[in-house]
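To keep things clear, I will list the structure first and then write my remarks on it.
The values are calculated or read from the model by the stated rules, or taken from the named source; none is laboratory data. The structure displayed is predicted, hence computed values, not measured ones. All Cβ positions, glycine included, derive from the backbone under ideal geometry; neighbour counts span all protein chains shown. Areas reflect the complete protein model, heavy atoms only, side chains present, ligands, DNA and RNA absent. Shrake-Rupley method; radii C 1.70, N 1.55, O 1.52, S 1.80 Å.
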Amino acid sequence: MSEVKISAATRTEFGKGAARRIRREDKVPGVLYGHGSDPVHLTLPGHDLLMALRTPNVLIALDIDGKSNELAIPKSVQRDPLKGFLEHVDLQLVKRGEQVNVEIYVHTEGELAPGGNLLEHVLNALPVEAEATHIPESVTVSVEGLTAGDSILAKDISLPKGTTLAVEGDTVVLQVLAAQAEEAPEGEEAAEEEAAEA
């Protein structure tokens, strides 16, 4: 996984007013924490951060105030629910060689067996443990030919070298549900008939 370099500045202003001022300058307030050190409050460039976060579990090389270089991964990203812009980011300090717990996206390929069955993603992301500088972006699982009642467990998914499950092996990740014809409950049908007669 490649590193994305971002220049950040420490900040001393806090609260909603300060956060709004930071965002007006196309910057994002954030917090860097981990390894037992005190949290460091940062201001990060909005566009650079947005581009970096397009890569799941991106490894960010932070240049803080031009003095210290730290490696971090995003742990929590808050976006404006309507406009989608970044409101705040929590970053976790990591070191090369360190194992970290992250979630990686589960992509599927292939077609289910004929019959109009539905594929349910019980887990959209799979909890795994990986080396901080080699976090996989995602895993791909074949659902080719699966029929109703079939499921794929966490232990059935082949993970990249150096990555291990951080969840029980018997955890259901994907399952195939039988197609169901939609039927209105009996009470609803009677109510609809009465409404039509009125």
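List of remarks:
- Cleavage-rule hits, GluC sites (Glu not before Pro), segment 1-64, DSSP coil, Cβ neighbours within 10 Å at most 14: Glu13, Glu25
- Rounded tilt (10° steps) of 186-197 against the dominant C-alpha axis of the chain: 80 degrees
- Charge dipole (Cα centre; +1 on Lys/Arg Cβ, -1 on Asp/Glu Cβ; no other charges) of the chain amounts to roughly 2120 debye.
- Calculated accessible area for segment 11-65 comes out at 54 Å² per residue, all protein chains present (probe 1.4 Å; ligands, DNA, RNA ignored).
- Fully extended contour minus Cα-Cα distance, from Glu144 to Asp80, at 0.36 nm per residue: 19.3 nm
- Accessible surface of the chain, 1.4 Å probe, proportion on carbon and sulfur as whole %: 48 percent
- Within-10-Å neighbourhood charge of Lys155 [Cβ basis; K, R +1; D, E -1]: -3
- Nearest-0.05 FRET efficiency for Asn69 and Asp90, computed from C-beta distance (R0 25 Å): 0.85
- Segment 6-105 - Rg over Rh from alpha carbon coordinates, Kirkwood radius: 0.95
- Between Gly17, Gly162, Gly97, the GNM of the chain built on Cα springs shorter than 10 angstrom shows Gly17 fluctuating the most.
- Volume per residue that the Cα convex hull of segment 26-75 spans, once the total is divided by residue count, Å³: 80 Å³
- Shape call, the chain: gyration tensor on alpha carbons, a/c limit 1.5: oblate
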